[in-house]
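The values are calculated or read from the model by the stated rules, or taken from the named source; none is laboratory data. No experiment lies behind these values; they were computed from the predicted model shown. Glycine gets a Cβ as well: all are built from the backbone with ideal geometry, and neighbour counts include every protein chain shown. With ligands, DNA and RNA removed, areas are computed over all heavy atoms of the protein, side chains included. Shrake-Rupley method; radii C 1.70, N 1.55, O 1.52, S 1.80 Å.
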Amino acid sequence: MAGSPDHLFNLRNNFYLGSYQAAINNSDLPNLSPDDAVERDCLVYRSYIALGSYQLVINEIDSSAATPLQAVKLLALYLSNPHDKESTISSLKEWLADPAIGNNHILRLIAGIIFTHEEDYNEALKHTNAGGTMELHALNVQIFIKMHRSDYAERQLRVMQQIDEDHTLTQLANAWLNLAVGGSKIQEAYLIFQDFSEKYPMTGLILNGKAVCCMHMGNFDEAETLLLEALNKARCKGS
């Protein structure tokens, strides 16, 4: 695999950094393998979910779609109808218990996202802790930070760094952990977000990350400027 081009690199990067509209707009990629096409569709539909277009995702993914896409639809159903989330969680648990599909990494990722949303971190970790993809490792870092276990989060970050130190998710996870640890690490987190802002189009995720760092460092004027810019981007839907 070492020599084969990664056709989805830019699409993934847009999604990871919060450029959801750009991910959608630049998703018409030629010559994708069937697996890459499914991953592309998952990223596009997850971008729509991030922009709040739950119903579009629910309407477009039908029952014949591949397991990863069904999992993404489940996330849209969960977020679109908080009053009926029990039935969605029940379906999720049924799928996770099915030996034929239960180990699918997108299904495990969506399970981790939903159970983290429910603040059921132990249940989330049941499905994410084995890792297998950079997104699962990054979600583990977030879960451990929420559990105030920065020691476990650091172990996950080390795994990510061993796989690919320069990966966007590795850098993001490093920034999240630095923010959680605080102190002198805040400056390191700021520099990571600053590096993103110099390399890529500015997004709400990058602006908010820089703003949180500024607040920790007492630079409230800069933080306010960044947050206002982030608010403008949010109003424009999807930076």
Connecting C-alpha atoms closer than 10 Å in a GNM of the chain, tell me which of Leu32, Leu157, Leu74 has the biggest fluctuation. Leu32
Per residue accessible area in Å² of the chain, where ligands, DNA and RNA are left out and the probe is 1.4 Å: 52 Å²
Contour excess over end-to-end distance, with Cα ends at Arg155 and Asp221 and 0.36 nm allotted per residue: 20.3 nm
With Cα coordinates, the longest principal axis of the chain makes an angle with the long axis of helix 34-50, in degrees rounded to 10, of 60 degrees
Once all protein chains are kept in place, Glu229 shows an accessible area at probe 1.4 Å, nearest 10 Å², of 80 Å²
For the range 8-130, averaging the sequence separation of alpha carbon pairs under 8 Å that lie six or more residues apart and dividing by its residue count, the contact order in percent is 16 percent
Trypsin sites (Lys or Arg not before Pro) lying in DSSP loop within the range 29-103, provided at most 10 other Cβ fall within 10 Å: none
Heavy-atom accessible area of Ile49 with all protein chains present, probe 1.4 Å, nearest 10 Å²? 10 Å²
When the accessible area of the chain is split by element with a 1.4 Å probe, what percent falls to carbon and sulfur? 49 percent
As a test question: what accessible area, to the nearest 10 Å², does Glu118 have when a 1.4 Å probe is rolled over all protein chains in place? 60 Å²
With θ set to phi - 60° and the Karplus curve 6.51 cos²θ - 1.76 cosθ + 1.60, what are the ³J(HN,Hα) couplings of the range 136-148 in order, to the nearest whole Hz, using x for Gly and Pro? 5, 4, 5, 5, 4, 4, 4, 5, 5, 5, 4, 7, 6
If I model a spin label at Leu29 and Glu188 as a point 7 Å from the Cα along the Cα→Cβ vector, what separation in nanometres do I get? 3.1 nm
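Sorted by accessible area with a 1.4 angstrom probe, largest first, how do Glu198, Glu60, Glu123 fall?
Correct descending sequence by accessible area is Glu198, Glu60, Glu123.
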By the gyration tensor of its Cα atoms, with a ≥ b ≥ c the square roots of the eigenvalues, what is the shape of the range 184-238: rounded for a/c under 1.5, prolate for a/b over b/c, or oblate? oblate
For the range 138-188, which trypsin sites (Lys or Arg not before Pro) are both in a DSSP coil and crowded by at most 16 other Cβ atoms within 10 Å? Arg149
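With all protein chains present and a 1.4 Å probe, how do Asp166, Asp84 order by accessible area, largest first?
Asp166, Asp84
Go through His7, His148 and list them by solvent-accessible area, largest first, probe radius 1.4 Å.
My answer, sorted largest first, is His148, His7.
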